[in-house]
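Step one of this worksheet: look at the structure below.
The values are calculated or read from the model by the stated rules, or taken from the named source; none is laboratory data. Keep in mind the model is a prediction, meaning the values are calculated, not measured. Reconstructed Cβ throughout: ideal geometry from the backbone, glycine too, with neighbour counts over all protein chains shown. Please note that ligands, DNA and RNA were not included when accessible areas were found on the heavy atoms of the full protein model with its side chains. Shrake-Rupley method; radii C 1.70, N 1.55, O 1.52, S 1.80 Å.
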Amino acid sequence: MDEQLFFKKLNNLWTSKEIFDFLTSLEVMSDIMASGALQRISEVEVDDNGLKNPGLLENEVFRALCFQFEFESSKLSNTGLLNALQALIKLHVDPQSTLMASLLSESKERLGKGQLTAENLYALGESLLELEGPSCAMLEQIVNHMQEKDIEKWSPREIVMVYKILQVTVREGKQCQNLIDRLNSVTLRRVSQLSSNFASVILNSLVVLRQTQAVPLITALCKHSVKHVPYFTDHELVNVLEAFLYFGHREQIFAKALETHVPKSILTMHAQTVSKVMQYCCKKMILSKPIFDAVAEGFISDADRLTPDQIAAYIIPFGTLNYLPPSASSLFRKLETVLHTRLRHFQPHTLLNLLHSCVLIQRYPINFLPKIFSPYFLQKLQAQPPGLNRVVTSQLTQLFLTVTLECPFYEGPKLLSKYQVKVFPTLHSSPDVHLFKRVKAGLLYLLKKRIYFASEVLTPYFYVVDIEIKLDEEGFVLPAAQLEEVHRRIALCVDGQNRFCANSHNLLGEAAIKQRHLQLLGYEVVQIPFFEIESLQNSRKMAEYLHKKIFPHTYG
């Protein structure tokens, strides 16, 4: 029987018994046909749980095939040798058996003599990774031979295999940047041919290989991934999101594809995948209400099955991006129930991040604050990385300030002054320099003298006010340095794009809580958002806008 007809019949067989009966009916077959039969047996007899029927390894037809491969390995073609090796590894044949030793020895000999083609090298690399793991010494030899091959002719599958092998050899400390650069260049031209699995594997390899300079390839893979979003497995989607987080990449069309896919798939998605989606949205400041609403519903029904880290990953973005979903009351009721039953399972820093995110959106964890402010908990925070650094002490201070200003009925322990910061760090809240300059120029035009306003004023309450204007009892502007007869204080919040969610007019939680607290501390807060002033072309127009915004009663 010729090979083409053989493989056509073989691929229509769905049990090992059918395959063995078919093989018995043949008088003679080539080594490629015999190795193809082993591969087909591995396809139908191996699933996610391993070998379905371990007894098949004792089948006399199977043993006869193995006998031929063991004792005639030197006569095999490269394809027959390596296909048989791959199939036997998949079938969990004992790696220490004489059969496997014979095939590996023959493969090693041909590798040393340079007799293997590019495709043979990938097949051998794949087998060695599966059999011996990343420490296999032959992998480096395979990479050296790959350097000599013509990369331009490689198929997408071969490209992916090389990335996998390079990923392992580089992790072992070997340097192959020249080959990686050539590979990146070829892959860039082949991006459109990549399946969802291949795109995911390559992105993961680029992270491991730290290819931060491969910007055109990463951008192309990001755009290409958009069409695969509905088809990624959970594992593949996590790989893709981790790569975009690592490379700092944000593509609006990718976020839109997630927005379409996630709400429809939330019930079947693994919790770790949902956590990664939320982490991606949070880090990239993407407020997707359909995703957040679906995640909130998912949390309400599945919270009892989530790990503490997953609970934090689901909830923290709501505070960071300052968003309350329609199901907010049920969401936070469920969170409180979970915390009551599982509080001791949370790592100290995870718990602090979670509770801090809640106060950003006016959800007050009153019942848990006595624990947070206790000396024992603070010692635990200090003992675990990152310890009591400035970000951590700022979160503690803001929690304490929140209950002082917004929960006057709280009577539990207070935060000792030694754990309080003098001023909150400006992670996202530093004013946009260009915008700030324009607003100050407009104020100078309006108030005539620079003495009538102060910029970046440190208050006694940890916050820095962008611009402060003082008024007397009759509403006249006072010099900024004057301390007596100050009747009103106006705090101008010059809110650049960095204080809003991406492509949105929704303030981040950090900016929203600051404005809320300044009001409670007695300031009249006037928000100057970037989208209201970016079209004002000169200082006169800016002054008009500021007059109307700050002094509406005297405007006109």
Conditions first: (1) under 14 Å from ALA296 (Cβ atoms); (2) surrounded by fewer than 19 Cβ atoms within 10 Å (Cβ to Cβ); (3) touching a residue at least 24 places away in the same chain (Cβ under 8 Å). SER329 passes all but one, so which condition is the exception?
(3)
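Table: residues versus (1) more than 19 Å from ALA294 (Cβ to Cβ); (2) modelled with pLDDT of 95 or more; (3) in contact with a strand residue (DSSP E or B) (Cβ under 8 Å, 6 or more places away or on another chain); (4) of a type in the set (Ser, Thr, Tyr).
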position: SER330; (1), (2), (3), (4): no, yes, no, yes
position: LEU360; (1), (2), (3), (4): yes, yes, no, no
position: ASN367; (1), (2), (3), (4): yes, no, no, no
position: TYR410; (1), (2), (3), (4): yes, no, no, yes
position: PRO413; (1), (2), (3), (4): yes, no, no, no
Going by the conditions given, is THR402 modelled with pLDDT under 90 and either assigned by the TED database to the domain that holds CYS358 or not basic (Lys, Arg) (or both)?
no
Mind telling me which of the residues PRO290, PRO348 ends up being over 16 Å from PRO365 (Cα atoms), modelled with pLDDT of 95 or more and of a type outside the set (A, V, I, L, M)?
PRO290
Within the range 133-230, considering only helices (runs of 4 or more DSSP H) that don't extend past its boundaries, which have at least 2 residues that are open to solvent by less than 20 Å² (accessible area, probe 1.4 Å) and not aliphatic (A, V, I, L, M)?
156-171, 177-190, 196-208, 215-225
Take LEU492 and tell me if it is part of a strand (DSSP E or B) and open to solvent by less than 60 Å² (accessible area, probe 1.4 Å).
yes
Just checking, does the range 254-265 include any residue being open to solvent by 10 Å² or more (accessible area, probe 1.4 Å) and over 13 Å from VAL229 (Cα atoms)?
no
Return yes when GLY36 is modelled with pLDDT under 90 and either open to solvent by less than 30 Å² (accessible area, probe 1.4 Å) or in a helix (DSSP H, G or I) (or both) and no when it is not.
no
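So that you can scan it fast, the table gives a plain yes or no per residue for (1) in the same structural domain as GLY55 (by the TED database); (2) crowded, with 18+ Cβ neighbours inside 10 Å; (3) hydroxyl-bearing (Ser, Thr, Tyr):
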residue: THR79; (1), (2), (3): yes, no, yes
residue: GLN86; (1), (2), (3): yes, yes, no
residue: ILE89; (1), (2), (3): yes, yes, no
residue: GLN96; (1), (2), (3): yes, no, no
residue: MET100; (1), (2), (3): yes, yes, no
residue: SER105; (1), (2), (3): yes, no, yes
residue: GLY112; (1), (2), (3): yes, no, no
residue: GLN115; (1), (2), (3): yes, no, no
residue: LEU121; (1), (2), (3): yes, yes, no
Could you grab the pairs with beta carbons closer than 7 Å, sequence gap of 6+ or different chains, first residue in the range 226-246 and closer than 16 Å to VAL262 by Cα, second one open to solvent by 50 Å² or more (accessible area, probe 1.4 Å) and assigned to a helix (DSSP H, G or I)?
VAL226/ILE253; GLU236/ASN197; VAL238/GLN272
Subset of the range 429-456, residues open to solvent by 30 Å² or more (accessible area, probe 1.4 Å) and of a type in the set (A, V, I, L, M, F, W, C), comes to VAL433, ALA441, LEU444, LEU446, ILE451
Is at least one residue of the range 396-407 open to solvent by 50 Å² or more (accessible area, probe 1.4 Å), under 25 Å from THR459 (Cα atoms) and assigned to a helix (DSSP H, G or I)?
yes
Inter-residue pairs, beta-carbon under 8 Å, first in the same structural domain as GLN279 (by the TED database) and in the range 336-356, second aromatic (Phe, Trp, Tyr), 6+ apart:
LEU339/PHE346; LEU339/PHE368; LEU343/PHE368; PRO348/PHE377; LEU351/PHE368; LEU354/PHE346; LEU355/PHE368
LEU458 passes all but one of the listed conditions (1) modelled with pLDDT of 95 or more; (2) within 26 Å of LEU401 (Cα to Cα); the exception is number (1)
Report yes if LYS470 is outside the structural domain of MET285 (by the TED database), open to solvent by less than 60 Å² (accessible area, probe 1.4 Å) and of a type in the set (Lys, Arg), otherwise no.
yes
